[in-house]
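Taking it in order: structure first as structure tokens, then the write-up.
The values are calculated or read from the model by the stated rules, or taken from the named source; none is laboratory data. Everything numeric in this text was worked out from a predicted model, so none of it was measured. Heads up, the Cβs are rebuilt from the backbone with ideal geometry, glycines too, and the neighbour counts pull from every protein chain shown.
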Amino acid sequence: MKVVYTDVLVIGGGLAGLRVAIGAKRRGHDVIILSLVPAKRSHSKAAQGGMQASLGNVIKGQGDNEDVHFEDTVRGSDWGADQDVVRMFVNTAPKAVRELAAWGVPWSRIRPGDRDVIINGQKVTITEREAAAGLIAQRDFGGTKKWRTCYVSDGTGHAMITAVGDQAIASQIPVHERTEAIALVHDGGRCYGAIVRDLITGELRAYVAKATAICSGGAGRIYRVTTNAVICEGIPTAIALETGVAALGNMEAIQFHPTGIFPAGILVTEGCRGDGGLLKDVDGHRFMPDYEPEKKELASRDVVSRRMEEHIAKGKGVKSRFGDHIWLDITLLGEKHIRNNLREVYEICHYFLGVDPVKEWIPVRPAQHYTMGGVRTNYTGESPTLKGLFAAGEAACWDMHGFNRLGGNSVAETVVAGMIVGEFIADFCDRSENIVDIPTRLVQEILEAEQAKLDALVNGKGTEDASALKAQMQDIMTAKVGIFRNGPVLEQAVDELQKLLVRSRNIGLRYKGGGANPELATAYRV
């Protein structure tokens with residue numbers, strides 16, 4: 001048995017994981033990051049629109065402060081957020097965005113003077129203050145009173161993870177790429193690390209640590225239509241649940257983004273609507289003011305998604321061979337704005353739809369986007385039931401978002417939670433009572449149990465196809481656990497998922513290799 005010892009084990013190499021690691025490393029603790037992919041290719045990189053921080057720089061953000069951001073976030077959560085956590089978040093976000101600027105994130109900046117913007121479908125000229133020249137610019141996003149979302153064109157996540165990843169490299173934090181945690185090491189009361197599979201060689205190793213942090217993002221791939229990357233399957237969240245000690249929270253709270261391109265589900269940023277884009281139906285009618293006369297297209301995401309589906313149900317969707325959809329019109333923004341501020345949207349439409357958004361409308365329909373639930377933690381990021389286990393970012397449920405997340409609060413949460421939880425993890429590791437004292441024998445027993453499960457899959461005579469089971473699960477979740485739910489349909493979904501669970505115990509593999517074996521990886525994840 002190969003055992004790797006460290007002070008802090010971080011599962012997940014996205015923005016939250018990197019920032020947690022940097023925080024702990026700054027306090028003098030050894031840190032190892034586990035990542036399915038190279039850290040700079042994590043799903044954080046896909047974030048487009050920006051991160052919210054109450055800087056109040058732009059003219060439309062004047063008067064913004066932490067209290068206004070707090071009110072927007074709590075209201076946007078459908079009043080389900082932990083207000084102490086929200087307060088901690090909004091107070092830290094401005095510090096985080098300035099830290100990122102110091103680390104090299106090239107935030108879009110304010111140019112003083114007149115500029116044309118689209119507000120409520122109309123071209124309006126606003127004048128930025130001379131005193132604000134060169135300050136971080138902000139755009140409008142759904143569910144907010146002020147223009148608050150700091151951005152880097154529409155490649156905010158790309159810029160952020162590049163800068164934060166560089167800081168991790170500068171801090172000499174090792175990232176063990178192509179590795180996957182498949183079980184947590186614990187004694188029933190304390191977490192001591194994880195059993196980890198090397199995705200290239202198939203070898204199992206034990207990582208033993210004082211503190212373990214799950215920062216692995218969401219679980220969008222349990223749905224067929226999702227904006228999430230293929231690596232977002234929620235496996236670390238699942239292995240926390242499998243301990244029988246750590247709890248999950250708010251797992252029913254799933255966000256559907258209004259503008260996934262149809263039918264692929266790839267995200268086009270909320271910045272499209274924040275910058276003035278409109279939603280239109282089969283008749284070319286702008287319908288959101290009919291439902292939401294105040295916020296219109298910039299109501300919170302859960303509201304816009306529901307209104308779109310309601311409108312489609314009334315027969316106002318655009319027919320296609322893939323089903324019904326809605327139009328997103330950003331042509332009124334103009335070619336210069338689209339090619340500069342929404343360039344990733346332009347490329348997505350060009351390559352995946354064959355559509356020129358400068359001249360044509362974009363087919364969109366709500367797609368699964370974000371998981372508000374996750375590993376239940378308190379405000380420090382630590383599990384209240386399994387000592388030594390922490391979580392941050394989308395993988396955690398510290399009730400910051402309640403039942404709906406505001407756009408721009410997710411990518412902000414990754415770095416803010418990373419800053420906060422990283423410090424609490426360092427405090428935990430500083431305390432002498434939290435030394436690693438788990439018997440090596442127990443670690444070996446856990447590793448051998450996981451190896452036996454893998455051997456049973458490889459050597460078994462099962463007849464079920466893991467990929468087919470996964471696809472059926474995704475179809476059930478998409479069709480029956482979507483935006484609108486009711487008791488009888490949810491009961492059908494539970495019954496069908498239970499039957500899939502039983503079938504999953506009879507999975508067979510066509511390829512029996514134990515190394516780089518995607519079929520085996522799909523089988524044990526299912």
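Here is a list: Ala471, Ala426, Ala466, Ala521. Which entry is more than 24 Å from Leu199 (Cβ to Cβ) and of a type outside the set (Asp, Glu)?
Sole residue among the options that is more than 24 Å from Leu199 (Cβ to Cβ) and of a type outside the set (Asp, Glu): Ala426.
Among the residues of region 131-152, which ones are assigned to a loop (DSSP other than H, G, I, E, B) and under 24 Å from Ser300 (Cβ atoms)?
Ala137, Asp140, Phe141, Gly142, Gly143, Thr144, Lys145, Lys146, Trp147, Arg148, Tyr151, Val152
If you check Arg224, Arg178, which single one turns out to be touching a Pro at 6+ places or on another chain (Cβ under 9 Å), within 30 Å of Thr269 (Cβ to Cβ) and of a type in the set (Lys, Arg)?
Residue meeting the stated conditions: Arg178.
Of the numbered conditions (1) touching a strand residue (DSSP E or B) at 6+ places or on another chain (Cβ under 6 Å); (2) surrounded by fewer than 20 Cβ atoms within 10 Å (Cβ to Cβ); (3) among the polar types (S, T, N, Q), Ser305 satisfies every one except a single condition; which is it?
For Ser305, the exception is condition (2).
What helices (runs of 4 or more DSSP H) completely inside region 1-113 contain at least 2 residues that are modelled with pLDDT of 95 or more and among the polar types (S, T, N, Q)?
The qualifying helices (runs of 4 or more DSSP H) are 83-103.
Name the one entry in Arg98, Arg26 that is surrounded by fewer than 24 Cβ atoms within 10 Å (Cβ to Cβ) and either without any contact (Cβ under 8 Å) to a residue 12 or more places away in the chain or more than 22 Å from Phe390 (Cβ to Cβ) (or both).
Arg98 is the lone residue from the list that is surrounded by fewer than 24 Cβ atoms within 10 Å (Cβ to Cβ) and either without any contact (Cβ under 8 Å) to a residue 12 or more places away in the chain or more than 22 Å from Phe390 (Cβ to Cβ) (or both).
Grab the helices (runs of 4 or more DSSP H) fully contained in region 278-396, keeping just those with 1 or more residues being among the basic types (Lys, Arg) and in contact (Cβ under 8 Å) with a residue 60 or more places away in the chain.
The helices (runs of 4 or more DSSP H) meeting that bar are 301-311, 343-352.
State whether the residues of region 36-50 include one that is under 19 Å from Leu298 (Cβ atoms) and touching a Lys or Arg at 6+ places or on another chain (Cβ under 6 Å).
no
Checking the conditions here, which among Glu491, Glu423 is in the same structural domain as Lys25 (by TED's automatic domain parsing) and modelled with pLDDT of 95 or more?
Being in the same structural domain as Lys25 (by TED's automatic domain parsing) and modelled with pLDDT of 95 or more holds for just one of Glu491, Glu423, which is Glu423.
Looking only at region 141-164, how many residues end up being among the small types (Gly, Ala, Ser), assigned by TED's automatic domain parsing to the domain that holds Lys40 and crowded, with 24+ Cβ neighbours inside 10 Å?
1
Which of the residues belonging to region 269-296 are of a type in the set (D, E, K, R) and closer than 18 Å to Gly334 by Cα?
Scanning region 269-296 gives Glu270, Arg273, Asp275, Lys280.
In region 169-182, which residues are in a loop (DSSP other than H, G, I, E, B) and surrounded by fewer than 17 Cβ atoms within 10 Å (Cβ to Cβ)?
Answer for region 169-182, where residues must be in a loop (DSSP other than H, G, I, E, B) and surrounded by fewer than 17 Cβ atoms within 10 Å (Cβ to Cβ): Ser171, Gln172, Pro174, Arg178.
May I ask you to say which residue of Val489, Val502 is aliphatic (A, V, I, L, M), assigned to a helix (DSSP H, G or I), surrounded by fewer than 12 Cβ atoms within 10 Å (Cβ to Cβ) and out of contact with any Gly (no Cβ under 6 Å at 6 or more places or on another chain)?
Val502
Within region 183-220, restricting attention to residues that are out of contact with any strand residue (DSSP E or B) (no Cβ under 7 Å at 6 or more places or on another chain) and closer than 20 Å to Ala516 by Cβ, which residue is surrounded by the most Cβ atoms within 10 Å (Cβ to Cβ)?
It comes out as Gly202.
Within the bounds of region 367-380, is there any residue that is of a type in the set (A, V, I, L, M), touching a strand residue (DSSP E or B) at 6+ places or on another chain (Cβ under 6 Å) and either crowded, with 20+ Cβ neighbours inside 10 Å or closer than 20 Å to Arg224 by Cα (or both)?
Yes, some residue in region 367-380 is of a type in the set (A, V, I, L, M), touching a strand residue (DSSP E or B) at 6+ places or on another chain (Cβ under 6 Å) and either crowded, with 20+ Cβ neighbours inside 10 Å or closer than 20 Å to Arg224 by Cα (or both).
What residue, of Gly218, Gly244, is over 23 Å from the mean Cα position of the chain (by Cα), part of a loop (DSSP other than H, G, I, E, B) and closer than 19 Å to Ser383 by Cβ?
Answer to the selection: Gly244.
From the list Asn409, Asn434, exactly one residue is among the polar types (S, T, N, Q) and within 19 Å of Arg87 (Cβ to Cβ). Which is it?
Residue meeting the stated conditions: Asn409.
For Ala456, all conditions in the list (1) free of Cβ contacts under 8 Å to residues at least 12 places away in the same chain; (2) of a type in the set (A, V, I, L, M, F, W, C); (3) within 20 Å of Met251 (Cα to Cα) hold save one; what is the number of the exception?
(3)
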